[in-house]
Amino acid sequence: QVQLVESGGGLVQPGGSLRLSCAASRSIFSIFRMAWYRQAPGKQRDLVATITNAGTTTYADSVKGRFTISRDNAENTVYLQMNSLKPEDTAVYYCYAFTPLPSWGQGTQVTVSS
């Protein structure tokens, strides 16, 4: 299992950008897939983006062209660059590791509002 700590959330105006970070407690080199999820108030937790250790990425349709997931295996960190943010992107964002014992971070709040 791996412990994950997210950071980088905050309040941003519509059209703005944020970069989320997910720091892992150990090497993520051997973790095939990492992901970001988000959960808005009163809604289920939804998959936002995934990345394999080869760099292959997938995105939810709602964020394609605006969000970019990346990983730095040397720094044991996964990132989510979020551009052109919209109010509907407001949610708690969670990092997730596809390990035998699934690992979640504690989440970081992103609020998009004028």
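The values are calculated or read from the model by the stated rules, or taken from the named source; none is laboratory data. Keep in mind the model is a prediction, meaning the values are calculated, not measured. Ideal geometry is used to build each Cβ from the backbone, glycine not excepted, and the neighbour counts take in all protein chains shown. Surface accessibility is based on the protein's heavy atoms, side chains included, excluding ligands, DNA and RNA. Shrake-Rupley method; radii C 1.70, N 1.55, O 1.52, S 1.80 Å.
Some points to look at:
- Potential lengthening of the chain between Lys86 and Gln109 amounts to 6.9 nm, from the contour at 0.36 nm per residue minus the alpha-carbon distance.
- Highest-first packing order for the peptide set 32-40, 56-64 is 32-40, 56-64, based on the mean count of other beta carbon atoms within 10 Å.
- Probe 1.4 Å - accessible area at Thr90, Å² to nearest ten: 40
- Residue-span extension gain [Ser70 to Gln39] - 0.36 nm each, minus C-alpha spacing: 9.1 nm
- With the cut-off at under 16 Å, measuring from each backbone N in segment 1-35 to a point 7 Å along the Cα-to-Cβ line of Thr56 picks out 31-35.
- Normalising the average separation of contacting C-alpha pairs (under 8 angstrom, six or more residues apart) by the number of residues puts the relative contact order of the chain at 38 percent.
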